[in-house]
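Enquirer: One structure follows; several queries about it will come next.
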Amino acid sequence: MKGHTYIFLFMLVVMSSCSKRSTGPAVLKAEDFRHHVAHFNRMEDESKVNLISNAQSWEWMKANIPLFDCPQDNFQEIYYYRWWTFRKHIHQTPQGFIFTEFLVARSYADKYNMISCALGHHIYEGRWLHDQRYLNDYVHVWYRGNEGGRMKKLLTFSSWTADALYNRYKVTHDKDFLTDMLPDLDQEYQTWEKDRRTENGLFWQTDVKDGMEESLSGGRREQNARPTINSYMFGNANALSAIATLKGDNAQASTYKSKADTLKDLIEKKLWNNDSQFFETVQKRGTGAFAGVREAIGFIPWYFNLPDEKYDAAWQQVIDPKGFRAPFGLTTAERRHPDFRTRGCCKCEWDGAVWPFATAQTLTGMANRLNLTGNKILGDTTYFRLLELYVESQYYRGKPYIGEYLDETTGYWLKGDQERSRYYNHSTFNDLIISGLVGLRPREDEVIEVNPLIPADKWDWFCLDNVLYHGKILTIIWDKNGDHYKKGKGLQVLVNGKKAGSASKLQKIMIAEMPLK
């Protein structure tokens, strides 16, 4: 945000009325949003029912999700639509709850129709649910569901699971679950090192095992050093260092911190193409030439806060129509490249069409960059407009829709008429609203950090309510004139219904919060 002001507000709550956690939203009324679910239920034939049917969906949502209110109808509608679709993928197995990627069975899935490609996305999105049993079980099934060991196809796809679980901990503060997973995550990391690390220290992967088949930089069998897996491994190493610290294992924490530092140096030195000013794939396991194409995977390092400020030039490409900026979102390859969209159609090509999987990663990285100092290229207007395009793209035949991928100029969902593509659980959206747009930045400590990425002239009001965070219910209100919610002017943060901090305009707020007793 422009003109950030850091406000430190120290709060000590001693009133007995705050001794118990709030049991519901402080400002918004859940019933005011029921109509969205009624509409979603009416607009479809429920061809597949897992744990929670359409008829049960509203009661489940009311008990589990943060509430979101804003003056832009499509933002609000897609927010509730994405929770409604996320719920469709919860399946109860003999070993516990799991999330699917497709509602229909896929031949290459693991037991219970599980696919690990978007596991990190599922954790980032699901960390905001009030009932974390769904994710607890899901993670345990993946890592311990095969007679105590990991499922056979867990490592089919590149993974940022350790990072996702640590960032989930920043919301839930469930230390016991996280530290108990450390041996599993450590073993997984070592397996990737054994199977995918090259002599020069970088990791290699084929594009299909990154979940990105038919890319311009590689191929289904070409073994290249890609920004994806290398960034994932950096993020995982950082997370494992932090988890080991939580567990009190300083030696392991130091080992993984060293691995992360080494990878950061390698990625910046070997995957940054100074000519294109972009992180690119390097062919032949990192021993060949740059692939010679900018792809959306070049933004993934920012997903993990990896690059230094001097690499910011890459972000110019998200505002350039010859780069990644298209009428219906961010493309997966630069539009100026002569091979853009030349791989044919409708067999899951990553040669330029818009994939929500990549959009979510890029927007997460962009929000991370905007929350640091020194940025001279990006602004909240850029983030808002790109998120708005993401919202606008999630419609098909006039109805809310999320599928696999879409045409960048028409917005047409390329597999939209196939049953397999409906409700594709392969990206995040609500996490972008909560942690990016509204700006609740999860932290390890008890400081509450809120930094909205909403331009001051866009919305006169919005509210995010019923957010379960560190065991308390948070409410974030923006009311420019104070006449919409009748709670006063400006930006406010409530903890269990009590005002904890405020500002007169949209800006960063830091609240050093004392635990409620």
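The values are calculated or read from the model by the stated rules, or taken from the named source; none is laboratory data. Just so it is clear, the structure is predicted and the values come from calculations on it, not from any experiment. Here the Cβ positions follow ideal geometry from the backbone for every residue, glycine too, while neighbour counts run over all protein chains shown. Heads up: the accessible areas ignore ligands, DNA and RNA and are worked out on the full protein's heavy atoms, side chains in. Shrake-Rupley method; radii C 1.70, N 1.55, O 1.52, S 1.80 Å.
Enquirer: Looking at PRO400, is it open to solvent by 20 Å² or more (accessible area, probe 1.4 Å) and farther than 17 Å from PHE299 by Cβ?
Expert: On the way: open to solvent by 20 Å² or more (accessible area, probe 1.4 Å): no; farther than 17 Å from PHE299 by Cβ: yes.
Against the criterion (open to solvent by 20 Å² or more (accessible area, probe 1.4 Å) and farther than 17 Å from PHE299 by Cβ), PRO400 does not qualify.
Enquirer: Still on this structure: List pairs: first residue in the stretch 238-255 and touching a residue at least 40 places away in the same chain (Cβ under 8 Å), second residue open to solvent by 50 Å² or more (accessible area, probe 1.4 Å) and outside any helix (DSSP H, G or I) anywhere in the structure, Cβ distance under 9 angstrom, at least six positions apart or on different chains.
Expert: Correct list of pairs: ASN238/ASN305; ALA242/GLU444; ILE243/ASP249; LEU246/GLU444.
Enquirer: Restricting attention to the stretch 467-497, report how many residues are of a type in the set (S, T, N, Q) and in contact with a helix residue (DSSP H, G or I) (Cβ under 8 Å, 6 or more places away or on another chain).
Expert: First, pick out the residues of the stretch 467-497 that are of a type in the set (S, T, N, Q): 475, 481, 492, 496.
Among the residues that remain, those that are also in contact with a helix residue (DSSP H, G or I) (Cβ under 8 Å, 6 or more places away or on another chain) are: 496.
Selection size over the stretch 467-497: 1.
Enquirer: Helices (runs of 4 or more DSSP H) wholly in the stretch 152-224 with at least 2 residues that are buried (at least 20 other Cβ atoms within 10 Å of the Cβ) and at pLDDT 95 or above - which ones? Explain how you work it out, then say what you get.
Expert: On the way: elements: 161-172, 175-180, 182-196.
It comes to 161-172, 182-196.
Enquirer: Select from the stretch 322-377 the residues that are in a loop (DSSP other than H, G, I, E, B) and at positive phi and write down the one among them that is least open to solvent (accessible area, probe 1.4 Å). First the steps, then the outcome.
Expert: First, pick out the residues of the stretch 322-377 that are in a loop (DSSP other than H, G, I, E, B): 322-324, 327-328, 331-332, 334-353, 355, 371-377.
Of the ones still in play, those that are also at positive phi are 341, 344, 346, 348, 352, 374.
Values: ARG341: 62, GLY344: 43, CYS346: 45, CYS348: 15, GLY352: 0, GLY374: 36 Å².
Result: GLY352.
Enquirer: When both residues are 6+ apart or on different chains and their Cβ atoms are under 9 Å apart, which pairs have a first residue that lies in the stretch 382-398 and is in a helix (DSSP H, G or I), and a second that is basic (Lys, Arg)?
Expert: PHE384/LYS458; LEU386/ARG325; LEU389/ARG325
Enquirer: Can you pull out the strands (runs of 3 or more DSSP E) entirely within the stretch 19-130 that have at least 1 residues that are under 23 Å from PHE177 (Cβ atoms)? Walk me through how you get there before you give the answer.
Expert: On the way: elements: 67-69, 90-93, 96-99.
Filter on the stretch 19-130 gives 90-93, 96-99.
Enquirer: Check ALA225, ALA291 and return the single one that is among the aliphatic types (A, V, I, L, M), more than 22 Å from ASP163 (Cα to Cα), in contact (Cβ under 8 Å) with a residue 12 or more places away in the chain and touching a helix residue (DSSP H, G or I) at 6+ places or on another chain (Cβ under 9 Å).
Expert: Numbers: ALA225 fails: more than 22 Å from ASP163 (Cα to Cα).
None of the others qualify; the one that does is ALA291.
Enquirer: Could I ask something else about it? Within the stretch 251-266, how many residues are farther than 12 Å from GLY235 by Cα and either charged (D, E, K, R) or open to solvent by less than 50 Å² (accessible area, probe 1.4 Å) (or both)?
Expert: Summing the residues that are farther than 12 Å from GLY235 by Cα and either charged (D, E, K, R) or open to solvent by less than 50 Å² (accessible area, probe 1.4 Å) (or both) in the stretch 251-266 gives 4.
Enquirer: Considering only residues that are surrounded by 22 or more Cβ atoms within 10 Å (Cβ to Cβ) and in contact (Cβ under 8 Å) with a residue 60 or more places away in the chain, which ones fall in the stretch 473-493?
Expert: Those that are surrounded by 22 or more Cβ atoms within 10 Å (Cβ to Cβ) and in contact (Cβ under 8 Å) with a residue 60 or more places away in the chain: THR475, ILE477.
Residue-wise test of (1) without any contact (Cβ under 8 Å) to a residue 60 or more places away in the chain; (2) open to solvent by 30 Å² or more (accessible area, probe 1.4 Å); (3) closer than 19 Å to THR382 by Cα; (4) in contact with a strand residue (DSSP E or B) (Cβ under 9 Å, 6 or more places away or on another chain).
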| position | (1), (2), (3), (4) |
| --- | --- |
| GLU404 | yes, no, no, yes |
| TYR412 | yes, yes, no, yes |
| TYR424 | no, no, no, no |
| ASN430 | no, no, yes, yes |
| SER435 | no, no, yes, no |
| GLU444 | no, yes, no, no |
| ILE454 | no, no, yes, yes |
| LYS458 | no, yes, yes, no |
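Enquirer: Run down ILE115, ILE123 and say which single residue is under 15 Å from ASN430 (Cα atoms) and of a type in the set (Val, Ile, Thr). Write out each step before concluding.
Expert: Working: ILE115 fails: under 15 Å from ASN430 (Cα atoms).
Sole residue among the options that is under 15 Å from ASN430 (Cα atoms) and of a type in the set (Val, Ile, Thr): ILE123.
Enquirer: Just to be sure, is GLY292 on the phi > 0 side of the Ramachandran plot and over 23 Å from the mean Cα position of the chain (by Cα)?
Expert: Details: on the phi > 0 side of the Ramachandran plot: yes; over 23 Å from the mean Cα position of the chain (by Cα): yes.
The answer is yes for GLY292.
Enquirer: Examine the stretch 386-396 for a residue that is buried (at least 22 other Cβ atoms within 10 Å of the Cβ), among the acidic types (Asp, Glu) and either under 23 Å from the mean Cα position of the chain (by Cα) or at pLDDT 95 or above (or both), and state whether such a residue exists.
Expert: no
Enquirer: When residues of the stretch 133-147 are filtered for being within 22 Å of ASP174 (Cβ to Cβ) and surrounded by fewer than 19 Cβ atoms within 10 Å (Cβ to Cβ), how many remain? Show your work before the answer.
Expert: Initial filter on the stretch 133-147 (within 22 Å of ASP174 (Cβ to Cβ)): 133-145.
Keeping just the survivors that are surrounded by fewer than 19 Cβ atoms within 10 Å (Cβ to Cβ) gives 133, 136, 140, 144.
So the answer is 4.
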